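For reference, the structure discussed in these notes is given below.
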Amino acid sequence: MPKIGIRYEDKYVMERRVALVPRHVKELINKGLEFEVVKSKKRVFNDHEFDDVGAELVEEIKDASIIVGVKEMPIDFFEDNKTYIFFSHTIKGQSYNMPLLKQMMKKKINLIEYECIVNEKNQRLIFFGRFAGIAGMINSLWSLGQRWKELGVLTPFLELKQTHNYNSLDEAKKAISKVADEIKKGGLPRKLEPLVVGLTGYGNVSQGAQEILDMFTVKEITPNELTTIFSEGHKPDSLIYKVVFKEKDLSESLDQDKEFDLQEYYDHPERFRSKFEQYIPHLTILMNCMYWDDKYPRIVTKDYLEALYEGGDPKLTVIGDVTCDPDGSIECTHKGTEIEDPVFVYNPLSREATMGFKGDGVLVMAVDILPSELPRESSQTFSDALIGFMPEIAAADFKLSFDELKLPLPIKKALILHNGELTPEYQYLKQYI
């Protein structure tokens, strides 16, 4: 059996996750696999925990032919003919990672992309999405309290902290429950009512965000109700509203006589345009939790935000951009932020962003590694899903042709590079290289 290496995560200062946790490393060692684990002072599972289960602690990976990580690996890290498993962020042809992909091709490596490990229904099997949604929602509520404070309004949300400041998800939920009880009993300042949270998407990320939001006394309404329920003279019957937006709520056919067809939207996004702008004036928080690439219409444009802010003092206060595509679905998200500097205020009139909570405009929380704010829980769940595939990956003979290569189907579908060559499903990436 080849040796497996677990690398040290170095892309971000506060990246503390690991793809395989010590408990699962022990299970795999008991099945005959060997491990090299690069020492790390910041990893949420410390070196002793890996040493105790029989892994070899090393300064750098030397003998392992299969290397497991979480985020992108440095361009000079790769060694010829080895197998690497990580989030490469290349499947959309991301320009900033095409040099990385070219280097992997040059080194004739095998690349397995977590994002592409899916079942027969194309549902992802290994993901951090739930924890991205959970941390994103906690951060956005914390940001809301801080932003309202800057605007001169004090609320119970000031009692919340950024997610990584809690020792566990349980501790965070206890704090949230306390705030929820205070709001239920004492309400919010009248000029802030009602608090409306809109969420784009309904997958794992959105469900994680809703898991936190639903700890409050929340009334869920439809997008159609959102545009009528707060009409003049109508008194809201709830303090906090939740609205979940699906694809049909975000976009419409360019042919006004056609009803929305989801499959056509996926196959021919160029035939659609955004219709989301009608909802934005009614939202306090927008949680962007859905997959997006540049084939699809943007959800929030800079032009729209400029028009919104020229019209007065809008309700929209916080955008929690969990999707975090720079210059993407939320056009004013010009970059992903880091845990230690998580928010900026975007001024739609000057089109400039200022880090922190001060300034004119809308506050954007766009932390790029949200699950790392809950590193132990997110690593454990991720490892739960990955461990079952590791023995067959370790046993595979990658020298065989792609057709002869024996791997579990979800893993074979996620093999972007085989001996440095794009596999059949990923030939489209040639146009980006």
Hey, I319 out of contact with any Phe, Trp or Tyr (no Cβ under 7 Å at 6 or more places or on another chain), of a type in the set (V, I, T) and under 26 Å from P194 (Cβ atoms) or not: yes
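Identify, please: which residue in the range 337-390 is within 25 Å of V21 (Cα to Cα) and in a strand (DSSP E or B) and is, among those, least open to solvent (accessible area, probe 1.4 Å)? Working first, answer last.
Step one: of the range 337-390, the residues within 25 Å of V21 (Cα to Cα) are 338-340, 367-390.
Within this subset, residues satisfying the condition of being in a strand (DSSP E or B) are 338, 367.
Values: E338: 78, V367: 2 Å².
This residue is V367.
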Could you please find all residues in the range 183-237 being surrounded by fewer than 18 Cβ atoms within 10 Å (Cβ to Cβ), in a loop (DSSP other than H, G, I, E, B) and of a type in the set (G, A, S)? G187, G203, S231, G233
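Among the residues in the range 238-259, are any at pLDDT below 90 and either farther than 22 Å from K184 by Cα or among the hydrophobic types (A, V, I, L, M, F, W, C) (or both)?
yes
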Take the residues in the range 288-321 that are open to solvent by 20 Å² or more (accessible area, probe 1.4 Å) and of a type in the set (A, V, I, L, M); name whichever of them is nearest to the chain's Cα centre (by Cα). M290
Quick test of your reading of the structure: L154 fulfils all but one of (1) surrounded by 15 or more Cβ atoms within 10 Å (Cβ to Cβ); (2) touching a Phe, Trp or Tyr at 6+ places or on another chain (Cβ under 8 Å); (3) not hydroxyl-bearing (S, T, Y). Name the failing condition by number. (1)
Quick one: which residue in A385, A396 is closer than 22 Å to N204 by Cβ and either at pLDDT 95 or above or in contact with a Gly (Cβ under 7 Å, 6 or more places away or on another chain) (or both)? A385
If we scan the range 85-107, do we find a residue that is touching a Ser or Thr at 6+ places or on another chain (Cβ under 7 Å) and in a loop (DSSP other than H, G, I, E, B)? no
Of the numbered conditions (1) surrounded by 19 or more Cβ atoms within 10 Å (Cβ to Cβ); (2) over 30 Å from the mean Cα position of the chain (by Cα), M73 satisfies every one except a single condition; which is it? (2)
R130 is checked against (1) in contact (Cβ under 8 Å) with a residue 40 or more places away in the chain; (2) assigned to a helix (DSSP H, G or I); (3) open to solvent by less than 60 Å² (accessible area, probe 1.4 Å) and fails just one. What number does that condition carry? (3)
Pairs please, first residue from the range 415-433 and touching a residue at least 24 places away in the same chain (Cβ under 8 Å), second anywhere and open to solvent by 70 Å² or more (accessible area, probe 1.4 Å), Cβ atoms under 8 Å, 6+ apart in sequence or on different chains. N419/N81; N419/K108; N419/K399; G420/K106; G420/K108; L422/K430; Y432/S95; I433/K102
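The values are calculated or read from the model by the stated rules, or taken from the named source; none is laboratory data. Everything quoted here is computed from the prediction, not taken from an experiment. Here the Cβ is made from the backbone with ideal geometry for all residues, glycine too, and neighbour counts use every protein chain on show. Each accessible area value is taken on the protein alone, full model and side chains, heavy atoms only, with ligands, DNA and RNA left out. Shrake-Rupley method; radii C 1.70, N 1.55, O 1.52, S 1.80 Å.
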